[in-house]
Amino acid sequence: MTIEITITSRRNARILEARKLKRHLHREEKGRFLLEGVRGIEDALSTGARIYEVLISPYLFRNARGRALYERLVAAGTELYGVTEEVLEYVADTDTPQGVVAIAGIPDSDLCLHGSPLVVLADEIRDPGNLGTLIRSADAFGLRGIILSGDVVDPFNAKCVRATMGSIFRVPLVSFKRAEDSIKFLKGHEFSIVAADIKADTTCYDYDFRGKCGILVGSEAHGLTCEILKLCDQTVRIPMIGDAESLNAGVAGSILMYEAYRQRRSE
């Protein structure tokens with residue numbers, strides 16, 4: 001099993017257009033992003049995500065999982081292009097893209113706020129690994145979505161997409177310019193807003209996360225401003241017994257999500 005190599009040059013128009021998707025503004029303009037690796041494309045297919053085209057090198061056929069993905073793509077009628085390893089590496093963000101890179105559509109995102117949903121508000125999160133971790137944890141613990149605000153990293157940045165491990169297709173993402181706007185939006189839907197704050201008197205284990213709740217996590221470097229904290233209904237801290245001064249945003253947010261899930265799972 002193999003695919004005919006039809007693109008051998010980095011200057012091919014299709015390759016140059018795909019490479020432009022490494023830039024945020026181009027992703028935003030086209031509504032598309034680059035998706036690398038077997039696992040990511042498997043998840044995209046399983047969730048019904050739109051895949052416009054896929055670049056495949058001979059490396060994909062070196063194992064059974066790669067060959068199975070190729071057969072799924074063929075069965076789905078996906079537009080496939082055989083490329084050399086050099087060309088694929090030119091498009092990809094990683095040094096070892098597993099022989100496959102797809103151009104996928106950015107999912108439409110709508111928050112479902114009926115019932116007693118739990119959401120995360122991520123303000124000024126600039127590290128793609130941290131945001132990817134928050135998205136992955138939100139998927140794991142059944143959150144209804146993530147609201148992004150401020151100068152936040154593009155969730156469809158290649159590093160962030162990889163960090164989500166496929167959860168990017170299962171967690172709705174919406175954006176506001178400012179945290180104040182996202183808080184106002186949720187309060188308009190009768191949400192309580194609880195913010196992570198290392199100086200809080202209340203621990204996360206003493207707060208009731210049941211009901212409509214938004215967990216607010218601030219930037220890795222500066223946390224949340226006093227003005228934003230004043231808009232929240234409660235601040236909580238994560239108890240720590242070691243010498244670490246703080247946790248990064250991805251870890252802190254994940255712990256709060258798990259505690260909320262633990263309290264709510266009996267419901």
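The values are calculated or read from the model by the stated rules, or taken from the named source; none is laboratory data. In this text, all values refer to a predicted model and were calculated from it rather than measured experimentally. In this analysis, Cβ positions are derived from the backbone assuming ideal geometry, glycine residues included, and neighbour counts consider all displayed protein chains.
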Complete set of residues in the stretch 207-226 that are touching a residue at least 12 places away in the same chain (Cβ under 8 Å) and not in a loop (DSSP other than H, G, I, E, B): 213, 214, 215, 216, 217, 219, 223
Of all residues making up the stretch 187-226, the number that are modelled with pLDDT of 95 or more, closer than 20 Å to residue 150 by Cα and charged (D, E, K, R): 1
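Return the total of residues in the stretch 201-228 being of a type outside the set (Asp, Glu) and either surrounded by fewer than 18 Cβ atoms within 10 Å (Cβ to Cβ) or in contact with a Phe, Trp or Tyr (Cβ under 9 Å, 6 or more places away or on another chain) (or both).
Residues in the stretch 201-228 being of a type outside the set (Asp, Glu) and either surrounded by fewer than 18 Cβ atoms within 10 Å (Cβ to Cβ) or in contact with a Phe, Trp or Tyr (Cβ under 9 Å, 6 or more places away or on another chain) (or both): 14 in total.
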Residue under evaluation residue 260, criteria (1) surrounded by 14 or more Cβ atoms within 10 Å (Cβ to Cβ); (2) of a type in the set (Gly, Ala, Ser); (3) out of contact with any Cys (no Cβ under 7 Å at 6 or more places or on another chain), criterion not met: (3)
Meets criteria (free of Cβ contacts under 8 Å to residues at least 60 places away in the same chain, crowded, with 19+ Cβ neighbours inside 10 Å and not assigned by TED's automatic domain parsing to the domain that holds residue 19) for residue 145: yes
Single unsatisfied condition, residue 25 versus (1) closer than 17 Å to residue 99 by Cβ; (2) in a helix (DSSP H, G or I): (1)
Whichever residue in the stretch 203-226 is hydroxyl-bearing (Ser, Thr, Tyr) and more than 20 Å from the chain's Cα centre (by Cα) and, among such residues, is nearest to residue 190 (Cα to Cα): 207
Number of the exception - residue 66 against (1) in contact with a Gly (Cβ under 7 Å, 6 or more places away or on another chain); (2) part of a loop (DSSP other than H, G, I, E, B); (3) modelled with pLDDT of 95 or more; (4) not aromatic (Phe, Trp, Tyr): (2)
Pairs, first over 12 Å from residue 167 (Cβ atoms) in the stretch 40-55, second in a loop (DSSP other than H, G, I, E, B), C-beta under 6 Å, six or more apart: 51/78; 53/79; 54/78
Qualifying residue in the stretch 92-102 (condition: in contact (Cβ under 8 Å) with a residue 60 or more places away in the chain, surrounded by fewer than 17 Cβ atoms within 10 Å (Cβ to Cβ) and in the same structural domain as residue 53 (by TED's automatic domain parsing)): yes
